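Values in this text are rule-based calculations from the coordinates and carry no lab data. Computed from a prediction, not measured in an experiment: that's the story for all the values here. Glycine also receives a Cβ, built like all others from the backbone with ideal geometry; neighbour counts cover every protein chain displayed.
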Amino acid sequence: MAKTVAVIGASQDRNKYGNKAARAYRDEGWTVYPVNPKLDEVEGMRCYRSVTDVPDPIDRVAMYVPPRVGKRMIADIAAAKPGEVYFNPGSDDEEIIQMAETLGLNAIRACSILTLGRRPDGYTSEKERGSAGS
C-alpha cells in the first residue's frame with residue numbers, strides 16, 4: 001500500500017512549495033491529499049478543506065502554511081495521528097513545535113521534498129516536460 005501524505009497549504013501556483021511538494025510526493029508514488037480550504041483541486045488531485053476531511057489514515061503531514069495558520073490546525077492534525085509532521089522552512093516557530101510535541105506529534109523541522117531524494121528546484125513552474133522534476 002502506498003504511503004499517504006497530507007500537504008497542508010497545497011497550491012495551484014506551480015512556483016509555490018505547496019505545489020512542488022504535491023508533485024514530488026506523487027512522483028515518488030505516495031497517495032497525496034492536498035489540503036487547502038480555498039481550492040477544489042491541485043494538479044488534478046482532489047483538494048480537501050481540512051485534514052479532518054482526508055478519508056484515509058495519514059502517514060505524513062507536510063506543512064506549507066505560516067505558523068499562525070498552522071497553530072489553528074495543529075489539534076486537528078494531532079487528531080489525524082500522522083506518523084510524522086514536517087514543518088518545512090517558513091512553517092515553523094518555537095511555539096508551534098512545542099504545541100505539536102505537547103500533542104504527541106513527531107515534529108520534524110526540515111524540507112520534506114529533500115527527504116524524498118528530490119530537489120524543489122527540479123519542479124518548474126511550466127507544465128512538466130519529459131524529465132522535469134527528476
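Summing Lys, Arg as +1 and Asp, Glu as -1, what charge do residues with Cβ under 13 Å from the Cβ of Thr52 carry, Thr52 excluded? The partial results should precede the final answer.
Details: positive: Arg49, Arg72, Lys81; negative: Asp53, Asp56, Asp76.
Overall, the nearby charge balance is 0.
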Dipole magnitude of region 1-77 about its Cα centre (Cβ charges: Lys, Arg +1; Asp, Glu -1), debye to nearest 20: 340 debye
Most mobile listed residue (Ser11, Ser50, Ser112) in the chain, GNM with C-alpha springs under 10 Å: Ser50
Residue of Gly44, Gly83, Gly104 that the Gaussian network model of the chain assigns the largest fluctuation, springs spanning Cα pairs under 10 Å: Gly44
Cut-off under 5 Å, modelled amide H: who pairs with Val42 long-range: Cys47
Fully extended contour minus Cα-Cα distance, from Lys16 to Glu28, at 0.36 nm per residue: 2.5 nm
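What Kirkwood Rh does region 12-83 have if only Cα atoms enter the pairwise 1/r average? Answer in Å.
Values: mean 1/r = 0.0793 Å⁻¹.
Taking the inverse mean of 1/r over all distinct Cα pairs, region 12-83 comes out at 12.6 Å.
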Coarse-grained scattering of the chain at q = 0.12 Å⁻¹, given as base-10 log I(q)/I(0) from a Debye sum over alpha-carbon atoms: -0.40
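Pulled fully out, how much extra length does the chain show between Arg46 and Ala79, if you take 0.36 nm times their separation in residues and subtract their Cα-Cα distance? Let's see the in-between values first.
Details: separation 33, 0.36 × 33 = 11.88 nm, distance 2.14 nm.
Gain on stretching Arg46 to Ala79: 9.7 nm.
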In sequence order, calculated HN-Hα J values of region 25-34 (Karplus, 6.51, -1.76, 1.60; Hz; x Gly/Pro): 4, 4, 5, 8, x, 6, 7, 9, 10, x
Of Tyr123, Tyr64, Tyr33, the one that fluctuates the most in a GNM where the chain has Cα springs shorter than 10 Å: Tyr123
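Mind sorting Ile58, Ile77 by how few other Cβ atoms lie within 10 Å of their own Cβ, fewest first?
On the way: Ile58 21, Ile77 24.
Least crowded to most crowded, the residues run Ile58, Ile77.
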Neighbourhood charge, 14 Å Cβ-Cβ cut-off, centred on Asp92 and excluding it, Lys, Arg +1 and Asp, Glu -1: -2
Length released on extending from Leu114 to Lys38, taking residue separation times 0.36 nm less the Cα-Cα span: 24.7 nm
